[in-house]
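The structure appears below as structure tokens.
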Amino acid sequence: MGQKMSKKKNTFYLSCYLKKSNALKTGEAPIYLRITVNKKIAAVSLQIKYNIKINRLNIG
């Protein structure tokens, strides 16, 4: 009964990124989803490609 209960904090993160190392000659790069749970990482392809030669972001 005198035992301390340790509280373990679980973490969960999601992030998307372009895998430019797998880009095609057309400039299309696959989009990947990175899942991190308690510092263990897995990456999954979303089966979507983005053309990195065309910048569609209007910042400013």
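The values are calculated or read from the model by the stated rules, or taken from the named source; none is laboratory data. Since the model is a prediction, treat every value here as computed from it, not as a measurement. Every residue, glycine among them, receives a Cβ derived from its backbone with ideal geometry; neighbour counts consider all protein chains shown.
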Restricting to the stretch 29-60, and then to whatever is among the small types (Gly, Ala, Ser) and not in a loop (DSSP other than H, G, I, E, B), can you tell me which residue is modelled with the lowest pLDDT? Ala29
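Can you name the residue in the stretch 3-28 that is in a strand (DSSP E or B) and within 24 Å of Lys40 (Cβ to Cβ) and is also farthest from the chain's Cα centre (by Cα) among such residues?
Start the filter on the stretch 3-28 by keeping residues that are in a strand (DSSP E or B), which leaves 12-18, 28.
Then keep just the ones that are within 24 Å of Lys40 (Cβ to Cβ); that gives 12-18.
Values: Phe12: 12, Tyr13: 9, Leu14: 6, Ser15: 3, Cys16: 4, Tyr17: 5, Leu18: 9 Å.
Residue satisfying both the conditions and the ranking: Phe12.
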Report, ordered by the first and then the second residue, all pairs with beta carbons closer than 6 Å, sequence separation of six or more or different chains, a first member in the stretch 31-59 that is under 15 Å from Phe12 (Cβ atoms) and of a type in the set (Lys, Arg), and a second member that is surrounded by 10 or more Cβ atoms within 10 Å (Cβ to Cβ) and at pLDDT 95 or above. Arg34/Ser15; Arg34/Ala43
